[in-house]
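The values are calculated or read from the model by the stated rules, or taken from the named source; none is laboratory data. In this text the structure is predicted, and so the values were computed from the model without any measurement. Neighbour counts are summed over all protein chains in view; Cβ atoms, including those assigned to glycine, are modelled from backbone coordinates with ideal geometry.
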Amino acid sequence: MIDDVSDIKAMYDRDPDNEDQRLERHQLEYELTWRYLDRYLPPEGSILEIGAATGRYTLELAKRGYKVTAVDMSEMLQDICKERVADAGLEEWVSFVLADARDLSPVEGKYFDSVLLMGPLYHLVVEADRKTALREAYQRLKEGGVIFSAFISRFGIWGDVMKNIPEWINRQDEVRSILERGRDPEEKKDFNFRGYFATVSEINPLHEEIGFETLVLAGVEPAISADDESYNRLEGEQRRLWLDLLFEISTEPSILGASRHLLYVGRKREK
């Protein structure tokens, strides 16, 4: 482990409700991700969920009969997840581990049917740390097991930034640093969100170097930029049809990088 991520843990500990509500605000990201989970998860088995947070995926996976090992480095986020699992009567389906994605030695058991890595990679600003996290996940997958990993797109974030913090454009040193390096300047310590913003072209090779076979790379917010509200207010059959359409175009190369979040799906090669 190269980078000190205690500031990231502190960010989540400081405001666990914000993370808890994130997928309520970004409903398309959640529902489109589930389209890919439904397509590529095995029908049953064990799942290692790294970066489980407050359990939005954890609970649904457990309800569907998967045995989930939920890992997070924030005790406060994990406590919310534990409470929800208990309230739903799913304790026998979920176990909890407090750990850093780059060191999964506290995790019992080694061979999982699938790994979800749905947040840690976009907080690891050093490439060596991202590779370490992927190696840790790879080592705990069965041969043929599937990984789902999430990234924030370097070129998909700007509509959201313009909508929510337009004044940030005046901080041109930070703007240029993200465009050119995918991260804030090292000397900047006043940002609330320290992360790595990936390009589409780097994601598949990053996983393939570790040993994964790429199945798909998708944008899970295609064609909406920062307009979550228009999707969120859709209902019933109209919502389903829009989700069908957006799922269909989610791998279109010409718009892939314009999605704020990107989802990689790969498989551990069988020997």
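So here's what we get for this one:
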read-out: Qualifying residue in the stretch 129-137 (condition: touching a residue at least 24 places away in the same chain (Cβ under 8 Å), farther than 30 Å from Ile255 by Cβ and over 18 Å from the mean Cα position of the chain (by Cα)); value: no
read-out: Output for the stretch 217-271, where each listed residue is of a type in the set (Lys, Arg), touching a residue at least 40 places away in the same chain (Cβ under 8 Å) and not in a strand (DSSP E or B); value: Arg260, Arg269, Lys271
read-out: Residue check, Glu60 out of contact with any strand residue (DSSP E or B) (no Cβ under 6 Å at 6 or more places or on another chain), under 22 Å from Glu31 (Cβ atoms), modelled with pLDDT of 95 or more and surrounded by fewer than 21 Cβ atoms within 10 Å (Cβ to Cβ); value: yes
read-out: Verdict on Leu37 being of a type outside the set (D, E, K, R), surrounded by 15 or more Cβ atoms within 10 Å (Cβ to Cβ), under 30 Å from Ile249 (Cβ atoms) and modelled with pLDDT under 95; value: no
read-out: Asp79 being within 16 Å of Ser95 (Cβ to Cβ), out of contact with any strand residue (DSSP E or B) (no Cβ under 8 Å at 6 or more places or on another chain) and of a type in the set (Asp, Glu); value: yes
read-out: Residue list for the stretch 256-270, filter: of a type outside the set (Lys, Arg) and either at pLDDT below 95 or touching a Lys or Arg at 6+ places or on another chain (Cβ under 7 Å) (or both); value: Glu270
read-out: The lone exception for Trp168 - which of (1) assigned to a loop (DSSP other than H, G, I, E, B); (2) within 24 Å of Arg260 (Cα to Cα); (3) without any contact (Cβ under 8 Å) to a residue 24 or more places away in the chain it fails; value: (1)
read-out: Selection from the stretch 125-146 of residues that are surrounded by 21 or more Cβ atoms within 10 Å (Cβ to Cβ) and out of contact with any Lys or Arg (no Cβ under 7 Å at 6 or more places or on another chain); value: Arg130, Leu134, Ala137
read-out: Test: residue in the stretch 171-186 that is assigned to a loop (DSSP other than H, G, I, E, B), touching a residue at least 12 places away in the same chain (Cβ under 8 Å) and among the β-branched types (Val, Ile, Thr); value: no
read-out: Verdict on Glu29 being among the acidic types (Asp, Glu), closer than 27 Å to Glu213 by Cβ, touching a residue at least 12 places away in the same chain (Cβ under 8 Å) and surrounded by 22 or more Cβ atoms within 10 Å (Cβ to Cβ); value: yes
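Residue-by-condition table, conditions (1) under 21 Å from Glu180 (Cβ atoms); (2) at pLDDT below 95; (3) part of a strand (DSSP E or B):
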position	(1), (2), (3)
Gly109	no, yes, no
Asp113	no, no, yes
Tyr122	yes, yes, no
Val125	yes, yes, no
Ala128	yes, no, no
Thr132	no, no, no
Arg135	no, no, no
Lys142	no, no, yes
